[in-house]
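Okay, structure first, notes after.
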Amino acid sequence: MSPRRIKPAIATPSLERGGCEKVFEEKISGVVRKRPQLEKLLGEVRKGDVLVVTRLDRIARSTAELLIIAERFKRKEPAYSLG
């Protein structure tokens, strides 16, 4: 999440009320290529998990990056929800 656009203090409780058991939150600028929380999420997601993304621009910075991330998720077979 970008601290300037979506405040974690607002988004996180909303996600938790929606049933999310675990919330991954980046606390670095979007221009930084290394995203440790995204890598952690990619490592932990399993078949049957539901991935909830508040906005697509929160998980990827471009369409090309989104396609790469989606391919990595596809191998793990989670469900998706854009909320």
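Odds and ends about this structure:
- If you check Arg58, Arg35 for being modelled with pLDDT of 85 or more, surrounded by 13 or more Cβ atoms within 10 Å (Cβ to Cβ) and of a type in the set (Lys, Arg), only one passes: Arg35.
- Options Ile10, Ile68: the member that is at pLDDT 80 or above, assigned to a helix (DSSP H, G or I) and among the β-branched types (Val, Ile, Thr): Ile68
- Looking only at segment 29-62, and only at residues there that are touching a helix residue (DSSP H, G or I) at 6+ places or on another chain (Cβ under 8 Å) and part of a loop (DSSP other than H, G, I, E, B), the one that is nearest to Phe73 (Cα to Cα): Val45
- Complete set of residues in segment 51-65 that are within 11 Å of the chain's Cα centre (by Cα) and over 17 Å from Ala11 (Cα atoms): Ala60
The values are calculated or read from the model by the stated rules, or taken from the named source; none is laboratory data. This structure is a prediction, so every number in the text was calculated from the model and none was measured. Ideal geometry is used to build each Cβ from the backbone, glycine not excepted, and the neighbour counts take in all protein chains shown.
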